[in-house]
Amino acid sequence: MPVIKQHYVPRELLRNFSCDAEKKRINMFYLTDNKEIENVDLYNQACEKYYYGEDQRLETAYSILEGNFASALRKLINGHTDLTNEEDAAVRVFMVFQLNRTPEAVKRTNSFMSETMKEILRSATTLEKSIKEHIDDFYVTLTQPHDYLFGISLDIAYTVSDLKMSLLENPDETFIIGKSPVFVLNPFLYELKYDGGLMGIGSKGAVILMPISPRYTVILYDSLVYNCKKTNGKIIPSNTDIQKINYCQF
(Lines give C-alpha, C1' and ligand atoms only; values in the text may rest on other atoms or scores of the structure.)
Protein backbone atom coordinates (compact mmCIF):
# COMPACT_ATOMS: atom_id res chain seq x y z
CA MET A 1 0.00 0.00 0.00
CA PRO A 2 1.23 3.53 -0.72
CA VAL A 3 2.50 5.60 2.18
CA ILE A 4 0.37 8.73 2.38
CA LYS A 5 1.84 10.44 5.44
CA GLN A 6 5.48 10.82 4.50
CA HIS A 7 7.87 11.94 7.24
CA TYR A 8 10.77 14.31 6.80
CA VAL A 9 11.97 13.59 10.34
CA PRO A 10 11.82 9.81 10.90
CA ARG A 11 9.71 8.45 13.71
CA GLU A 12 12.76 6.42 14.79
CA LEU A 13 14.32 9.72 15.88
CA LEU A 14 11.18 11.30 17.32
CA ARG A 15 10.40 8.25 19.46
CA ASN A 16 13.54 8.87 21.50
CA PHE A 17 12.02 12.19 22.62
CA SER A 18 8.62 10.73 23.47
CA CYS A 19 6.82 11.47 26.72
CA ASP A 20 5.13 8.09 27.27
CA ALA A 21 6.32 4.55 27.93
CA GLU A 22 4.90 3.26 24.63
CA LYS A 23 6.81 5.96 22.71
CA LYS A 24 3.75 7.03 20.79
CA ARG A 25 3.26 10.54 22.26
CA ILE A 26 5.43 13.64 22.33
CA ASN A 27 5.37 17.14 23.79
CA MET A 28 5.46 19.92 21.21
CA PHE A 29 6.26 23.63 21.24
CA TYR A 30 4.92 25.75 18.38
CA LEU A 31 7.08 28.80 17.79
CA THR A 32 4.49 30.55 15.60
CA ASP A 33 1.91 30.46 18.40
CA ASN A 34 4.43 30.56 21.26
CA LYS A 35 2.50 27.69 22.78
CA GLU A 36 3.33 24.30 24.25
CA ILE A 37 1.07 21.36 23.48
CA GLU A 38 1.60 18.26 25.56
CA ASN A 39 1.02 14.59 24.83
CA VAL A 40 0.27 14.72 21.08
CA ASP A 41 0.31 11.83 18.63
CA LEU A 42 3.90 11.31 17.52
CA TYR A 43 2.90 9.66 14.23
CA ASN A 44 1.37 12.88 12.89
CA GLN A 45 4.43 15.07 13.50
CA ALA A 46 7.03 16.20 10.93
CA CYS A 47 5.11 14.76 7.99
CA GLU A 48 2.95 15.86 5.10
CA LYS A 49 0.59 14.11 2.74
CA TYR A 50 2.66 12.76 -0.17
CA TYR A 51 5.55 15.00 0.88
CA TYR A 52 7.95 13.30 -1.57
CA GLY A 53 5.29 12.50 -4.18
CA GLU A 54 2.69 9.85 -4.86
CA ASP A 55 5.01 7.55 -6.82
CA GLN A 56 6.75 6.40 -3.59
CA ARG A 57 10.24 6.47 -5.16
CA LEU A 58 11.85 8.80 -2.64
CA GLU A 59 9.71 7.53 0.23
CA THR A 60 11.12 4.05 -0.45
CA ALA A 61 14.68 5.36 -0.79
CA TYR A 62 14.50 7.22 2.53
CA SER A 63 13.01 4.13 4.19
CA ILE A 64 16.08 2.16 3.11
CA LEU A 65 18.40 4.86 4.51
CA GLU A 66 16.49 4.84 7.79
CA GLY A 67 16.68 1.05 7.96
CA ASN A 68 20.45 1.14 7.47
CA PHE A 69 20.70 3.78 10.20
CA ALA A 70 18.51 1.92 12.71
CA SER A 71 21.18 -0.51 13.97
CA ALA A 72 23.64 2.29 14.70
CA LEU A 73 20.93 4.42 16.32
CA ARG A 74 20.11 1.66 18.80
CA LYS A 75 23.75 1.60 19.90
CA LEU A 76 24.18 5.36 20.02
CA ILE A 77 21.11 6.11 22.15
CA ASN A 78 22.57 3.72 24.72
CA GLY A 79 25.87 5.58 24.71
CA HIS A 80 27.80 2.99 22.70
CA THR A 81 30.16 4.35 20.05
CA ASP A 82 31.71 1.03 18.98
CA LEU A 83 30.05 1.03 15.56
CA THR A 84 30.94 -1.30 12.72
CA ASN A 85 32.28 0.28 9.53
CA GLU A 86 28.87 -0.22 7.93
CA GLU A 87 27.06 1.40 10.86
CA ASP A 88 29.51 4.30 10.92
CA ALA A 89 28.93 4.94 7.22
CA ALA A 90 25.16 4.64 7.65
CA VAL A 91 25.14 7.38 10.32
CA ARG A 92 27.15 9.77 8.14
CA VAL A 93 25.03 9.15 5.06
CA PHE A 94 21.81 9.49 7.06
CA MET A 95 22.90 12.85 8.49
CA VAL A 96 23.70 14.28 5.06
CA PHE A 97 20.36 13.19 3.61
CA GLN A 98 18.47 14.33 6.72
CA LEU A 99 20.02 17.77 6.36
CA ASN A 100 18.50 18.08 2.88
CA ARG A 101 15.04 16.54 3.20
CA THR A 102 13.13 19.00 5.39
CA PRO A 103 10.82 21.89 4.37
CA GLU A 104 13.51 24.25 5.66
CA ALA A 105 16.00 22.68 3.23
CA VAL A 106 13.58 23.27 0.34
CA LYS A 107 13.07 26.88 1.44
CA ARG A 108 16.82 27.40 1.78
CA THR A 109 17.48 25.95 -1.68
CA ASN A 110 14.76 28.03 -3.36
CA SER A 111 16.17 31.15 -1.71
CA PHE A 112 19.70 30.33 -2.89
CA MET A 113 18.45 29.69 -6.42
CA SER A 114 16.53 32.97 -6.40
CA GLU A 115 19.48 35.04 -5.22
CA THR A 116 21.77 33.40 -7.77
CA MET A 117 19.33 34.13 -10.58
CA LYS A 118 18.98 37.75 -9.47
CA GLU A 119 22.76 38.22 -9.55
CA ILE A 120 22.89 36.74 -13.05
CA LEU A 121 20.14 39.07 -14.23
CA ARG A 122 21.77 42.12 -12.65
CA SER A 123 25.02 41.43 -14.48
CA ALA A 124 23.34 40.84 -17.84
CA THR A 125 24.30 43.69 -20.19
CA THR A 126 21.58 42.98 -22.75
CA LEU A 127 18.67 42.95 -20.33
CA GLU A 128 16.13 45.71 -20.81
CA LYS A 129 16.06 48.40 -18.14
CA SER A 130 12.35 47.85 -17.52
CA ILE A 131 13.08 44.24 -16.58
CA LYS A 132 16.08 45.08 -14.39
CA GLU A 133 13.88 47.40 -12.36
CA HIS A 134 11.82 44.39 -11.28
CA ILE A 135 14.60 41.88 -10.59
CA ASP A 136 13.87 41.88 -6.87
CA ASP A 137 10.36 40.65 -7.66
CA PHE A 138 11.70 37.41 -9.16
CA TYR A 139 11.57 34.23 -7.10
CA VAL A 140 12.68 30.78 -8.22
CA THR A 141 10.78 27.72 -7.02
CA LEU A 142 11.95 24.20 -7.84
CA THR A 143 9.12 22.08 -9.25
CA GLN A 144 10.65 18.85 -7.89
CA PRO A 145 12.79 20.01 -4.96
CA HIS A 146 13.05 16.62 -3.26
CA ASP A 147 14.44 14.93 -6.36
CA TYR A 148 17.00 17.73 -6.67
CA LEU A 149 18.00 17.63 -2.99
CA PHE A 150 18.23 13.84 -3.00
CA GLY A 151 20.65 14.11 -5.93
CA ILE A 152 22.67 16.78 -4.15
CA SER A 153 22.93 14.55 -1.08
CA LEU A 154 24.19 11.69 -3.22
CA ASP A 155 26.86 13.96 -4.69
CA ILE A 156 28.14 15.37 -1.39
CA ALA A 157 27.75 12.46 1.05
CA TYR A 158 31.41 11.48 0.64
CA THR A 159 32.59 14.85 1.98
CA VAL A 160 31.85 13.88 5.60
CA SER A 161 33.84 10.64 5.48
CA ASP A 162 36.96 12.26 6.97
CA LEU A 163 35.18 13.94 9.89
CA LYS A 164 35.54 12.55 13.40
CA MET A 165 32.36 11.08 14.87
CA SER A 166 31.51 11.20 18.56
CA LEU A 167 28.66 11.69 21.01
CA LEU A 168 27.88 14.75 23.08
CA GLU A 169 26.54 13.55 26.42
CA ASN A 170 24.09 15.68 28.36
CA PRO A 171 23.71 14.17 31.87
CA ASP A 172 20.67 16.37 32.55
CA GLU A 173 18.93 14.93 29.47
CA THR A 174 17.72 18.26 28.15
CA PHE A 175 18.57 18.03 24.45
CA ILE A 176 15.56 18.80 22.27
CA ILE A 177 14.76 18.03 18.64
CA GLY A 178 13.24 20.29 16.00
CA LYS A 179 11.80 19.93 12.51
CA SER A 180 15.29 20.36 11.01
CA PRO A 181 17.31 18.21 13.41
CA VAL A 182 20.63 18.16 11.51
CA PHE A 183 22.45 21.48 11.44
CA VAL A 184 25.89 22.73 10.45
CA LEU A 185 28.16 25.13 12.32
CA ASN A 186 31.65 26.38 11.57
CA PRO A 187 33.19 28.16 14.57
CA PHE A 188 36.60 28.10 12.84
CA LEU A 189 35.51 30.12 9.79
CA TYR A 190 33.23 32.27 11.96
CA GLU A 191 36.18 33.33 14.12
CA LEU A 192 38.13 34.15 10.94
CA LYS A 193 35.23 36.41 9.90
CA TYR A 194 34.92 34.39 6.70
CA ASP A 195 32.68 36.29 4.28
CA GLY A 196 31.36 33.17 2.52
CA GLY A 197 28.79 30.61 3.61
CA LEU A 198 29.28 28.77 6.89
CA MET A 199 27.06 25.77 6.10
CA GLY A 200 29.31 23.90 3.70
CA ILE A 201 29.72 20.39 5.09
CA GLY A 202 32.98 19.95 3.18
CA SER A 203 34.54 23.18 4.45
CA LYS A 204 37.48 23.26 6.82
CA GLY A 205 36.19 23.53 10.39
CA ALA A 206 32.75 22.07 9.67
CA VAL A 207 30.75 20.74 12.62
CA ILE A 208 27.56 18.74 11.98
CA LEU A 209 25.21 17.88 14.83
CA MET A 210 22.04 15.83 15.26
CA PRO A 211 20.27 15.16 18.57
CA ILE A 212 19.19 11.52 18.89
CA SER A 213 17.80 11.58 22.45
CA PRO A 214 17.53 14.01 25.38
CA ARG A 215 20.86 12.62 26.56
CA TYR A 216 22.89 12.33 23.35
CA THR A 217 23.70 14.33 20.24
CA VAL A 218 25.79 12.91 17.41
CA ILE A 219 28.62 15.19 16.32
CA LEU A 220 30.81 15.08 13.21
CA TYR A 221 33.73 17.48 13.43
CA ASP A 222 37.01 18.36 11.76
CA SER A 223 39.61 16.83 14.08
CA LEU A 224 42.39 18.76 12.30
CA VAL A 225 40.84 21.98 13.61
CA TYR A 226 39.19 21.03 16.91
CA ASN A 227 40.63 19.08 19.83
CA CYS A 228 37.71 17.75 21.87
CA LYS A 229 38.36 16.38 25.34
CA LYS A 230 36.48 13.14 26.00
CA THR A 231 35.26 11.38 29.12
CA ASN A 232 34.61 7.65 28.70
CA GLY A 233 34.74 8.13 24.95
CA LYS A 234 32.16 10.94 24.90
CA ILE A 235 32.30 14.74 24.88
CA ILE A 236 30.62 16.51 27.82
CA PRO A 237 29.44 19.95 26.66
CA SER A 238 29.06 22.87 29.02
CA ASN A 239 25.62 24.12 29.99
CA THR A 240 26.20 27.09 27.69
CA ASP A 241 26.97 24.81 24.76
CA ILE A 242 23.85 22.74 25.48
CA GLN A 243 21.75 25.90 25.41
CA LYS A 244 23.30 26.90 22.08
CA ILE A 245 22.67 23.46 20.59
CA ASN A 246 19.03 23.62 21.69
CA TYR A 247 18.77 27.16 20.31
CA CYS A 248 19.85 25.81 16.92
CA GLN A 249 16.95 23.36 17.07
CA PHE A 250 14.60 26.30 17.61
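The values are calculated or read from the model by the stated rules, or taken from the named source; none is laboratory data. These numbers come from a predicted model, not from an experiment. Cβ sites come from the backbone with ideal geometry, for glycine too, and all protein chains shown count toward neighbours. Note: areas computed on protein heavy atoms with side chains; ligands, DNA, RNA excluded. Shrake-Rupley method; radii C 1.70, N 1.55, O 1.52, S 1.80 Å.
Of all positions in segment 135-155, none carries a residue that is under 29 Å from residue 240 (Cα atoms), within 22 Å of the chain's Cα centre (by Cα) and modelled with pLDDT of 95 or more. For first residues located in segment 57-84 and among the aliphatic types (A, V, I, L, M), partners that are part of a loop (DSSP other than H, G, I, E, B) and lie 6+ apart or on another chain with Cβ distances below 7 Å form the pairs 58/52; 72/83; 73/212; 76/212; 77/212; 77/213.
Could you tell me whether any residue of segment 65-83 is surrounded by 14 or more Cβ atoms within 10 Å (Cβ to Cβ), hydrophobic (A, V, I, L, M, F, W, C), under 30 Å from residue 143 (Cβ atoms) and at pLDDT 95 or above? Looking for residues that are surrounded by 14 or more Cβ atoms within 10 Å (Cβ to Cβ), hydrophobic (A, V, I, L, M, F, W, C), under 30 Å from residue 143 (Cβ atoms) and at pLDDT 95 or above, one finds at least one in segment 65-83, hence yes. Across segment 162-175, the qualifying residues are those that are open to solvent by 60 Å² or more (accessible area, probe 1.4 Å) and in contact with a Pro (Cβ under 8 Å, 6 or more places away or on another chain), and the one among them that is farthest from residue 48 (Cα to Cα) is 173. Screening 224, 189, 198 for residues that are modelled with pLDDT under 95 and in contact with a helix residue (DSSP H, G or I) (Cβ under 6 Å, 6 or more places away or on another chain) leaves exactly one candidate, 198.
Could you tell me whether any residue of segment 43-53 is within 18 Å of the chain's Cα centre (by Cα) and open to solvent by 90 Å² or more (accessible area, probe 1.4 Å)? Checking segment 43-53: not a single residue is within 18 Å of the chain's Cα centre (by Cα) and open to solvent by 90 Å² or more (accessible area, probe 1.4 Å).
Within segment 1-30, how many residues are free of Cβ contacts under 8 Å to residues at least 12 places away in the same chain, farther than 11 Å from residue 177 by Cα and either in a helix (DSSP H, G or I) or under 22 Å from the mean Cα position of the chain (by Cα) (or both)? Matching residues across segment 1-30 total 1. Each residue in segment 130-161 was checked for being open to solvent by 20 Å² or more (accessible area, probe 1.4 Å) and touching a Leu at 6+ places or on another chain (Cβ under 9 Å), and 8 pass.
Per the listing 202, 178, 197, the residue uniquely in contact (Cβ under 8 Å) with a residue 24 or more places away in the chain, within 18 Å of the chain's Cα centre (by Cα), part of a loop (DSSP other than H, G, I, E, B) and surrounded by fewer than 15 Cβ atoms within 10 Å (Cβ to Cβ) is 202. Number of residues in segment 98-129 that are under 25 Å from residue 68 (Cβ atoms) and polar (S, T, N, Q): the value is 4. Residues of segment 100-128 that are of a type in the set (A, V, I, L, M, F, W, C), open to solvent by 30 Å² or more (accessible area, probe 1.4 Å) and either under 28 Å from residue 62 (Cβ atoms) or modelled with pLDDT of 95 or more (or both): 112, 113.
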